[in-house]
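Structure first, then comments.
The values are calculated or read from the model by the stated rules, or taken from the named source; none is laboratory data. A quick note: this is a predicted structure, and the numbers were derived from the prediction, not measured. Virtual Cβ from ideal backbone geometry, glycine too; neighbours counted across all protein chains shown.
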Amino acid sequence: MATYALPLHHHGKSKVRLGRVWRDGNVHHMVEWNVNTMIDSDMEHAFLNGDNTGMTATDTQKNTVYVVAQRMSQKCTIEQYAIALAQHFVRTYPLVSKAKIYVEQKPWTRVQQSGLPHDHGFALQGTEVRTVYVTYDKAGTLDVTAGLKDLSLLKTTQSGYEGFLRDQYTLLPETNDRIMASTVTCTWKYAAAPACYDAAYAAAKQGLLDAFLGPARGGVYSPSVQYTLYDMAKNILDRVPTSESIFLNMPNLHFIPCNPVGSSFNNDVYVATSEPHGNIEAVITRKGIAPHCKL
Ligand SMILES: O=c1[nH]c(=O)c2[nH]c(=O)[nH]c2[nH]1
């Protein structure tokens, strides 16, 4: 008589992150998904005998996440995608009796610029946090440093990175068309109080958006995060006259072009990552003004 039982087993891949862009002329649609697969299959022999015959490897499941994303030729919902992926596993592999697919979608939302929907610019809905850091001393010196953090911005085109140093350690290909995504932290120190702190905040935030995304139609080209960061800071100095020093931190959140197995990258499927990420940081001041620290 058997001593042991195996009442439950399944295997899958967790947290497979992908970006999917659908291009409708100049107007791009994008989603970022976090996909979890799990399949029920007649694989008791793997647990009991160490025999992997017929097993759909979790690595294969991960690859399939990208393949099926590419096959979704029309902009689709996570429901339509998850159904297609689940059906693929059950219909392709004889030993798979059930596929269980869980997908989370990040709330990337098309940005409105001057009342128009941006062609290819997106922001994570409602993530940014407004900040202020105030110091006041016995001498009566008041310093006000306003800012924001967690402003997540993404554009699906109008970004490149070329001309950088190449040596035996360099693998990154040059590109003049990539996704650029960042979660912006910015602070600006006031030399004097603005007429209205709310209006100054709104102007500063709009300055960041305008430099990162450009106008609704066509956007603006970015040759690097560095150049765009400098433009963003200049916009704040120009539009908030009483600001004097700008700190900006911008992680470069990489969306890596994906070559789904059996196919190739067609400006459509990306491996979405948050680590490791580039990290670009600078302080930009009016000439002659001492830089403030990041708070
Ligand atoms: O805009 C960029 N700046 C960098 O410094 C950098 N480094 C890198 O690998 N990719 C990029 N992109």
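Could you pull out the residue among Tyr81, Tyr66 that is at pLDDT 95 or above, outside any loop (DSSP other than H, G, I, E, B), outside the structural domain of Val271 (by TED's automatic domain parsing) and touching a Phe, Trp or Tyr at 6+ places or on another chain (Cβ under 8 Å)?
Just a single option satisfies the conditions, and that option is Tyr81.
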Can you pull out the residues in segment 275-289 that are free of Cβ contacts under 8 Å to residues at least 40 places away in the same chain, on the phi < 0 side of the Ramachandran plot and not in a strand (DSSP E or B)?
-> Glu275, Pro276, His277, Lys287
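Taking Leu171, is it closer than 27 Å to Pro257 by Cα, assigned by TED's automatic domain parsing to the domain that holds Pro223 and either touching a Leu at 6+ places or on another chain (Cβ under 9 Å) or without any contact (Cβ under 8 Å) to a residue 40 or more places away in the chain (or both)? Spell out how you get there, then give the answer.
Details: closer than 27 Å to Pro257 by Cα: yes; assigned by TED's automatic domain parsing to the domain that holds Pro223: yes; either touching a Leu at 6+ places or on another chain (Cβ under 9 Å) or without any contact (Cβ under 8 Å) to a residue 40 or more places away in the chain (or both): yes.
Yes; evaluated as a whole, the condition is true for this residue.
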Test each condition in (1) within 16 Å of the ligand (Cβ to nearest atom); (2) over 18 Å from the mean Cα position of the chain (by Cα) for Ser182 and report the one that comes out false.
-> (2)
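Taking the options Pro215, Pro251, name whichever one is of a type outside the set (Phe, Trp, Tyr), touching a residue at least 60 places away in the same chain (Cβ under 8 Å) and crowded, with 20+ Cβ neighbours inside 10 Å.
Numbers: Pro215 fails: crowded, with 20+ Cβ neighbours inside 10 Å.
Sole residue among the options that is of a type outside the set (Phe, Trp, Tyr), touching a residue at least 60 places away in the same chain (Cβ under 8 Å) and crowded, with 20+ Cβ neighbours inside 10 Å: Pro251.
Here are Ala199, Ala193, Ala233, Ala203: which of them is among the aliphatic types (A, V, I, L, M), within 16 Å of the ligand (Cβ to nearest atom) and on the phi < 0 side of the Ramachandran plot?
Numbers: Ala199 fails: within 16 Å of the ligand (Cβ to nearest atom); Ala193 fails: within 16 Å of the ligand (Cβ to nearest atom); Ala203 fails: within 16 Å of the ligand (Cβ to nearest atom).
Result: Ala233 is the single residue among Ala199, Ala193, Ala233, Ala203 that is among the aliphatic types (A, V, I, L, M), within 16 Å of the ligand (Cβ to nearest atom) and on the phi < 0 side of the Ramachandran plot.
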Would you mind telling me which numbered condition in (1) touching a helix residue (DSSP H, G or I) at 6+ places or on another chain (Cβ under 7 Å); (2) under 23 Å from Cys293 (Cβ atoms); (3) more than 13 Å from the ligand (Cβ to nearest atom) Ser263 fails?
-> (2)
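Yes or no, residue by residue, for (1) under 16 Å from Ala146 (Cα atoms); (2) surrounded by fewer than 19 Cβ atoms within 10 Å (Cβ to Cβ); (3) within 16 Å of the ligand (Cβ to nearest atom); (4) at pLDDT 95 or above:
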{"position": "Val225", "(1), (2), (3), (4)": "no, no, yes, yes"}
{"position": "Pro241", "(1), (2), (3), (4)": "yes, yes, no, yes"}
{"position": "His277", "(1), (2), (3), (4)": "no, yes, yes, yes"}
{"position": "Arg286", "(1), (2), (3), (4)": "no, yes, no, yes"}
Checking Asp177, Asp150, Asp167 in turn, the sole residue that is acidic (Asp, Glu) and part of a strand (DSSP E or B) turns out to be Asp150
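Picking from Phe212, Phe265, which residue would you name as being part of a helix (DSSP H, G or I) and under 28 Å from Asn34 (Cα atoms)?
Working: Phe265 fails: part of a helix (DSSP H, G or I).
Matching residue, one of Phe212, Phe265: Phe212.
Of the residues Thr56, Thr64, Thr77, Thr37, which single one is touching a helix residue (DSSP H, G or I) at 6+ places or on another chain (Cβ under 6 Å) and either within 26 Å of Met180 (Cβ to Cβ) or crowded, with 20+ Cβ neighbours inside 10 Å (or both)?
Thr37
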